[in-house]
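Read through the structure below, which is laid out as C-alpha cells, and then see the notes.
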Amino acid sequence: MRRLGRVLIALAILLLVIVLVPTGIVGGVIAWVKFSPPATNGEVKLAGLAAPVDLVWDKNAVPHIFANSLRDSYRTLGWLHARDRLWQMETQRRIGQGRLSELVGKLGLGFDEEMRVLGFYRLAEANYATLNPEVRADVDAYTAGVNAYLAHPAAPLPIEFQLLHATPEPWRPADSLVWGRLMALQLSENYRAEALRAELVGKLSPDAFKDLFPGSPEAGPMTLAALNGIDWQRFAGHLPAVLGPDHASNEWVVDGTLTKSGKPLLANDPHLGLSAPILWYLVRTVTPEGNLAGVTFPGVPYTVLGHNDRIAWGSTTTGGDVQDLFVEDVVPTDPGQYKTPDGQAAFVTRDEVIKVRFGEDIHLKVRETRHGPVISDIDPDLAAAVGKDKAVALSFVALNVDDTTVEALRDIDHAHDWPSFQAALKLWHSPEQNIVYADVDGHIGFTSVGPVPLRKRPTDDFPAPGATGEADWVGLADFSQLPQGADPASHRFINANNRVVPSNYPIYIASTYGDDPFRAQRITDMLNAGANYTADDFSRMQNDVKEQDADLMLPRMLAAAPTTDAGRQALERLKGWDRMMQQDRPEPLIYSAWASLLKRTLLEKRVGAGILAGGAFGYGFSPYITLGLLDKYAGAEGQAGILGATLDTAVAALVKTYGADMSAWRWGEAHRAMLTSQLFGAIPVVGSLFDIGLPARGGVETVNRAGFGRTDGVHFPDVHGPGYRGVFDLANLDDSRFILATGESGNPFSPHYRDMTQRWHDGETITLSGNEDQVAATGLGRQRFLP
C-alpha cells in the first residue's frame, strides 16, 4: 500500500507539473538550474546575532560554525538548514501540521486526516509554552535564522517549490517541536500490530495463531468480546500509510580494555527509510561554551547524534509497546457519549478544516475519549469497519502535552560525564530509544529512554475493551525503572534492536521486539574475534555484509531436492557460498529469492491463500517462524520436496528475468539502494533528476543493513538502511568518522546532492576537525555572518 501511495502521489505531481509549468515558468526553472548554487564566500546579514559568526565550508560541503555562543550557532544553523534542506523542512512540517493536501491535493488527505485526529501540531504549539526558558530561547533563535533565510534567500527556492508554484510560510517554533512526535509515530507501530492480530485471531485456529505470533499472549475473554462486531480486516486495511520503516539500527561501545588506544570506541548507524536527500545533515560547531560534531535534523536546532568535547553517544529503537487501542462502547441512545467504568462520559470534540488543492475543503469532526483520540474517525472506511456503536481510540505516550524531549537533546549536547548525561536522559519522553555512551575518562554506558506505560494488567497485544477499565494505563514508568548500566564486566554494550531485557523484567516493555537477534549476534562475533580495536575496525564492522540469518536457514534449506538442472546448479552454488551479500555475486540473489518464496509458500499452507491475498503478511516473518512452519507443515511432499520445489520455482523466475547464465547474475542488479525523492522519484524524466540510487551490498540481516520490503520474487529494492554512520574515538574525538548516504544539499543539481553516496556505499568516511584556517585551506569557502 505504501508503494502504491507513492506512485499515486507521483502521478498527481506529474499532473500538477503539466498544469502549473507553462512556458514562462519553464524558463524560470531553466534559470533556476543555472543560477541555483548558493554562495560559499562573502558576508551575510543575520539580525539578532550577539556577535559575528564565521562559517567555513569544508571540501565535503559540511558547514563548520565558529561562533561566540551556542545561541548564535543555533540562529546560524536555522539559516543553513533553510539554505540546504528547505523542501525537506517544508514537507516535514506540513505533514505534522496536517496540511499536505494544500500542496498535493486529495492524495495528501490520508496524512492530513491522521495528523488532525492525533492533534500533533496542537500539542507542539502547547508544548512550546511549557519549555524551559533557555530551550525556548534556543528554538526562537533557530526559528529566526530560518526566517531570515526565507526573507532573503541565498539562491532561488528549491525546485520543488518552483514546480508546485508554492511559497513557504514563515517558520514557527511548533514546526521544530512537531518533529519528535512524528519520529515517535514512525518508530512506534504497536497499534498496527494490535489491529493485525485482531484481524487474524478470528480467522485462524488457536494453534495457527500461536505459530505466527509465538510471543503474543492469548487474548482474554473480555478482549475477545470487545473485538466482536468490528470488521478488523477492513480496519487494518484502511489505516493511514506509515511514515517510513520503523525498525533497525546498530550501536555498540567498548571500553579501553578492548581498544588499541586504551580509550572507548563507539559506533552507531541508525537505519531509516532511504531517500534523497537523506534525513540527516552533518554540522560541526565550535564555541567557547563547547564544541559539537554530528548529525542534526533539518528543522531542529540541536545535534541529535554525535560528540562534544568529552562524550559521544548513539541510539537505536527499543521497540517498546507505547501504544494501545481501546474499543469504546458508544451509548446507543446518545452517540455523543461513551461508556466508562464510572458511567457515561462525553466525547471531547473539535472540528478541523482541511484545505485541499484543486478540491473542496474537508470538514473533519475529531473525537477524543479518556484513552485518547478516536482514530476510527480518520477515514470513512475505518468508521464503517467499526460501526456506529463502537469507536476505536489510541493511547500513545507521544500524545502527552508535557513532552520534554527537546530539552533532553539540549542537555545531552551540554553533558560532560555520565551523571550529567543521565540527568539529560531523564527528560527524554519519546520516541523510546536505546542510548549508548562513552566519555574521554574511559567510562561507557547504556540506557533505554522514553517512559513505557504502566498498565492495570499485562498487555495481550490486542485492542482492549475501553468501558471496563481493565487494561487502562495507571501511569508511566519512572526513568529509574528503565534498563540501564555503566562500565559492565563485559567491557561493552551492544544493541541492534534485539531484546534489551529478559522476559521477567520488573516492568513490561514489549512482548516482541522489532528484529531478531541476528545483527547483534554478528556484531558480538566480530568483537569476540579480535582485540585492540581502532576506529577503522569499527567502520569495517559497520560495513559487514554477512547475512547472519543464513547461518540458521541455509543448513536446513540445503536439504532440498530440486528436480530441475537450474535448481540443482543453484543449490551447488549455495553450498559453497560464504553468506556474504556482495553486490557482484549471484548467490545472494538466489538465497533471497528462495527464502522469500519459501516463507510465502509455508505461510500459504498454514493460513490459506485468501488471507495472504488480503495483504496481512506483506512483511517478512522471523526465520525462526519459517523453520517452525517447515517442521510442522511441510506437507505430504516432505521438507526436501517443498524446499526443492520452491528453489526450482524461484530460480525459474530469476532465469526469466536475468537470463540462463547464472554466473552472470548480480545481487546489485536486483538490489538497488532507493536514493530518490519520495515525492518526485517516480515521475518520468523529472524523477531521474532526483535519483542517485546505486547497486547495493548487504541484506535484511546484515550489519550493513540493506532491507527490502515487498518483493515480486526477482527484484529486491533496498529501501531501508544506514543513512548515517558514525564512529567515535574517545582517545581523539577529532578523529571521529562520519558519512551520509547522500550529500548535504537537497538541490539535485548541486554536486553536493550526491557527493558522499559512492563513499557511503564503499564504506569510506570523513572527519570533522581543524581550526578555521585549516578547514578553509582545503574547503569550499568562508562566510561571515554579521548582526
Open item on the list: Of all residues being aliphatic (A, V, I, L, M) and over 28 Å from Phe749 (Cβ atoms) in segment 678-727, which is most open to solvent (accessible area, probe 1.4 Å)? Just the residue, please.
Closed with: Val700
Open item on the list: Which numbered condition in (1) in contact with a Leu (Cβ under 9 Å, 6 or more places away or on another chain); (2) within 25 Å of Asp309 (Cα to Cα) is the only one that Pro419 fails?
Closed with: (1)
- [ ] Filter segment 708-741 down to residues that are of a type in the set (A, V, I, L, M) and at pLDDT below 95, then give me how many there are.
- [x] 1
Open item on the list: I want to confirm something. Restricting to segment 126-159 and keeping residues that are open to solvent by 50 Å² or more (accessible area, probe 1.4 Å) and in a helix (DSSP H, G or I), which single residue is nearest to Gly180 (Cα to Cα)?
Closed with: Tyr128
Task: Condition check for Glu194: of a type in the set (D, E, K, R) and over 28 Å from Lys355 (Cβ atoms) - done: yes
Open item on the list: Can you tell me how many residues within segment 343-361 are open to solvent by less than 90 Å² (accessible area, probe 1.4 Å), farther than 23 Å from Glu470 by Cβ and not acidic (Asp, Glu)?
Closed with: 7
TODO: For residues that are at pLDDT 95 or above, open to solvent by 60 Å² or more (accessible area, probe 1.4 Å) and of a type in the set (A, V, I, L, M, F, W, C), tally how many sit in segment 655-677.
DONE: 1
Open item on the list: If Tyr74 satisfies all but one of (1) part of a helix (DSSP H, G or I); (2) modelled with pLDDT under 90, what's the number of the condition it fails?
Closed with: (2)
TODO: Go through the residues of segment 434-444 one by one and say whether even a single one is surrounded by fewer than 23 Cβ atoms within 10 Å (Cβ to Cβ) and among the polar types (S, T, N, Q).
DONE: no
Open item on the list: Pairs please, first residue from segment 727-742 and among the basic types (Lys, Arg), second anywhere and part of a loop (DSSP other than H, G, I, E, B), Cβ atoms under 6 Å, 6+ apart in sequence or on different chains.
Closed with: Arg737/Thr765
- [ ] Could you grab me the full set of residues in segment 471-491 that are of a type in the set (Phe, Trp, Tyr) and crowded, with 17+ Cβ neighbours inside 10 Å?
- [x] Phe479
Open item on the list: Checking the conditions here, which among Arg759, Arg725, Arg754 is in contact with a helix residue (DSSP H, G or I) (Cβ under 9 Å, 6 or more places away or on another chain) and of a type in the set (D, E, K, R)?
Closed with: Arg725
- [ ] State the number of residues belonging to segment 518-552 that are crowded, with 20+ Cβ neighbours inside 10 Å, of a type in the set (D, E, K, R) and out of contact with any Phe, Trp or Tyr (no Cβ under 9 Å at 6 or more places or on another chain).
- [x] 4
- [ ] Within segment 263-274, track down each residue that is over 17 Å from Ile766 (Cα atoms) and buried (at least 22 other Cβ atoms within 10 Å of the Cβ).
- [x] Pro264, Pro270, His271, Leu272, Leu274
Task: Any hit, segment 226-237, residues being part of a helix (DSSP H, G or I), open to solvent by less than 10 Å² (accessible area, probe 1.4 Å) and in contact with a Ser or Thr (Cβ under 8 Å, 6 or more places away or on another chain) - done: yes
Task: Among (1) of a type outside the set (Phe, Trp, Tyr); (2) open to solvent by 10 Å² or more (accessible area, probe 1.4 Å); (3) over 19 Å from Gly387 (Cα atoms), the one test that Thr340 misses - done: (3)
Open item on the list: I'd like the full set of residues that are out of contact with any strand residue (DSSP E or B) (no Cβ under 7 Å at 6 or more places or on another chain), surrounded by fewer than 20 Cβ atoms within 10 Å (Cβ to Cβ) and at negative phi, limited to segment 362-387.
Closed with: Asp379, Pro380, Asp381, Ala383, Ala384
Open item on the list: Just checking, does segment 491-509 include any residue being under 17 Å from Ser315 (Cβ atoms), over 21 Å from the mean Cα position of the chain (by Cα) and not β-branched (Val, Ile, Thr)?
Closed with: yes
Open item on the list: Any residue in segment 594-617 that is crowded, with 18+ Cβ neighbours inside 10 Å sitting within a Cβ distance under 7 Å of a residue that is at pLDDT 90 or above and not in a helix (DSSP H, G or I)? List the pairs, counting only those 6 or more apart or interchain.
Closed with: Ser596/Gly713; Leu597/Gly713
Open item on the list: I need every pair where a residue in segment 503-526 that is at negative phi and modelled with pLDDT under 85 has its Cβ under 8 Å from the Cβ of a residue that is of a type outside the set (Phe, Trp, Tyr) and open to solvent by 60 Å² or more (accessible area, probe 1.4 Å), sequence separation at least 6 or different chains.
Closed with: Tyr513/Arg499
TODO: Answer yes if at least one residue in segment 448-469 is within 14 Å of Trp313 (Cβ to Cβ) and open to solvent by 10 Å² or more (accessible area, probe 1.4 Å), and no otherwise.
DONE: no
Open item on the list: Quick test of your reading of the structure: Phe785 fulfils all but one of (1) farther than 25 Å from Asn308 by Cβ; (2) of a type in the set (A, V, I, L, M, F, W, C); (3) at pLDDT 95 or above; (4) buried (at least 17 other Cβ atoms within 10 Å of the Cβ). Name the failing condition by number.
Closed with: (1)
Task: Gly306 on the phi > 0 side of the Ramachandran plot and not basic (Lys, Arg) - done: yes
Task: For Ser216: the one exception among (1) modelled with pLDDT under 95; (2) in a helix (DSSP H, G or I); (3) open to solvent by less than 10 Å² (accessible area, probe 1.4 Å) - done: (2)
Open item on the list: Here is a check on your reading of the model: is Asp84 over 32 Å from the mean Cα position of the chain (by Cα), at pLDDT 95 or above and of a type outside the set (Val, Ile, Thr)?
Closed with: no
- [ ] Would you be able to say whether some residue in segment 492-499 is open to solvent by 60 Å² or more (accessible area, probe 1.4 Å), under 30 Å from Phe396 (Cβ atoms), touching a strand residue (DSSP E or B) at 6+ places or on another chain (Cβ under 6 Å) and polar (S, T, N, Q)?
- [x] no
TODO: May I ask you to say which residue of Thr757, Thr767, Thr742, Thr778 is under 27 Å from Thr287 (Cα atoms) and out of contact with any strand residue (DSSP E or B) (no Cβ under 8 Å at 6 or more places or on another chain)?
DONE: Thr778
Task: Hits in segment 101-128 - residues which are of a type in the set (A, V, I, L, M) and at pLDDT 95 or above - done: Met115, Val117, Leu118, Leu123, Ala124, Ala126
- [ ] Only residues that are at pLDDT 90 or above and open to solvent by 20 Å² or more (accessible area, probe 1.4 Å): list them for segment 629-639, please.
- [x] Gln639
TODO: Collect the residues in segment 752-782 that are of a type in the set (A, V, I, L, M) and either assigned to a helix (DSSP H, G or I) or modelled with pLDDT under 95 (or both), keeping them in residue-number order.
DONE: Val775, Ala776, Ala777
TODO: Residues being assigned to a helix (DSSP H, G or I) and touching a strand residue (DSSP E or B) at 6+ places or on another chain (Cβ under 7 Å): count how many of those fall in segment 85-125.
DONE: 8
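The values are calculated or read from the model by the stated rules, or taken from the named source; none is laboratory data. In this text, all values refer to a predicted model and were calculated from it rather than measured experimentally. FYI the Cβ positions are ideal-geometry reconstructions off the backbone, even for glycines, and counts take in every protein chain you see. Ligands, DNA and RNA are excluded from the accessible area calculation, which covers all protein heavy atoms including side chains. Shrake-Rupley method; radii C 1.70, N 1.55, O 1.52, S 1.80 Å.
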